[in-house]
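These notes are about the structure you will find just below.
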Amino acid sequence: FPFERPMFLREYSTGTYSVVAYFISKSVVELPMAFAQVLLQYIIAYFLIDLQGTFFWLCYAAWLLGLCAASQALLLGCVVPDVKSVTELGPLLYVPQLLFAGFFIPVDYIPVWLRWAQYLCSLRYALSMAIADEFNPTSKSCNTSPAARVNCETVLQLNDIEEDNWWIYMLLLIVIFVVFRMMAAVVLAKKASKFF
């Protein structure tokens, strides 16, 4: 986005289009392209890894995660002045998601005063959607043996995932996507009005 920003500012200053029109058109172009990329990745990975979850549901979870990450990066691109700053600050945005998502470090090991950060992590919700589908105790792969069923239930319990809450995870990802896009639009509008 920092490469596109000068062009946007020039066209915004001449009244060619508004910030809202720009973000809507940008989103309309990005949504199908992002889904096509995820679909291609999952066509390869799904069969190589022999995933047992629903193909399109796993694609959907990955697509929402990609959209949330792109929205967060877009906000960062609107806030900072140049590309170098974006590449330097990017890890500050994404590394905490790895730490607070609860999959690499159990949430119980995170200090109580920092646990709230897990609720801001789109990675947590997308992985919860995928894991709830992949390890659903009612799925065929989890019912091949009693041990398989216990393993599936254990994975869900250890990661504090309720398979019936998939719609909450999905809704939260959509909210994160929309909120970060709106924040980016507000920041860009303020910068554009100050610029010209």
request  = Give the residues of region 93-104 that are in contact with a helix residue (DSSP H, G or I) (Cβ under 9 Å, 6 or more places away or on another chain) and either open to solvent by 30 Å² or more (accessible area, probe 1.4 Å) or basic (Lys, Arg) (or both), sorted by residue number.
outcome  = Leu93, Tyr94, Pro96, Leu98, Leu99, Phe100, Phe103, Phe104
note = When region 156-170 is checked residue by residue, the ones that are of a type in the set (A, V, I, L, M) and either surrounded by 15 or more Cβ atoms within 10 Å (Cβ to Cβ) or within 21 Å of Gly66 (Cα to Cα) (or both) are Leu156, Ile161, Ile168, Met170
note = If we keep only residues of region 136-154 that are charged (D, E, K, R) and part of a helix (DSSP H, G or I), then the residue most open to solvent (accessible area, probe 1.4 Å) is Arg149
task = Considering each of Asp164, Asp108, Asp133 in turn, give the residue that is touching a helix residue (DSSP H, G or I) at 6+ places or on another chain (Cβ under 6 Å), in a helix (DSSP H, G or I) and over 30 Å from Tyr22 (Cα atoms).
result = Asp133
request  = Return yes when Ala70 is among the hydrophobic types (A, V, I, L, M, F, W, C), open to solvent by less than 70 Å² (accessible area, probe 1.4 Å) and under 22 Å from Ala185 (Cα atoms) and no when it is not.
outcome  = yes
request  = Quick one: in region 79-105, of everything that is part of a loop (DSSP other than H, G, I, E, B) and among the aromatic types (Phe, Trp, Tyr), which residue is farthest from Ala62 (Cα to Cα)?
outcome  = Phe104
query = Of the numbered conditions (1) out of contact with any helix residue (DSSP H, G or I) (no Cβ under 6 Å at 6 or more places or on another chain); (2) at pLDDT 85 or above; (3) aliphatic (A, V, I, L, M), Leu123 satisfies every one except a single condition; which is it?
reply = (1)
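May I ask you to verify whether Ile43 is assigned to a helix (DSSP H, G or I) and free of Cβ contacts under 8 Å to residues at least 40 places away in the same chain?
Against the criterion (assigned to a helix (DSSP H, G or I) and free of Cβ contacts under 8 Å to residues at least 40 places away in the same chain), Ile43 qualifies.
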inquiry  = Can you tell me which residue is farthest from the chain's Cα centre (by Cα) among those in region 105-116 that are open to solvent by less than 60 Å² (accessible area, probe 1.4 Å) and more than 22 Å from Gln157 (Cβ to Cβ)?
reply    = Pro111
request  = Output the number of the condition that Ala189 fails; it satisfies all remaining conditions of (1) within 24 Å of Trp63 (Cβ to Cβ); (2) touching a helix residue (DSSP H, G or I) at 6+ places or on another chain (Cβ under 8 Å).
outcome  = (1)
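Is it the case that Ala62 is under 12 Å from the mean Cα position of the chain (by Cα), under 30 Å from Pro6 (Cβ atoms) and surrounded by 17 or more Cβ atoms within 10 Å (Cβ to Cβ)?
It is false that Ala62 is under 12 Å from the mean Cα position of the chain (by Cα), under 30 Å from Pro6 (Cβ atoms) and surrounded by 17 or more Cβ atoms within 10 Å (Cβ to Cβ).
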Residue list for region 19-50, restricted to those being out of contact with any helix residue (DSSP H, G or I) (no Cβ under 7 Å at 6 or more places or on another chain), under 14 Å from Phe8 (Cβ atoms) and surrounded by 13 or more Cβ atoms within 10 Å (Cβ to Cβ) = Ile24, Lys26
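The values are calculated or read from the model by the stated rules, or taken from the named source; none is laboratory data. In this text, all values refer to a predicted model and were calculated from it rather than measured experimentally. Positions of Cβ are generated from backbone atoms using ideal geometry, with glycine treated the same way; all protein chains shown enter the neighbour counts. All accessible areas refer to the heavy atoms of the entire protein, side chains included, with ligands and DNA or RNA removed. Shrake-Rupley method; radii C 1.70, N 1.55, O 1.52, S 1.80 Å.
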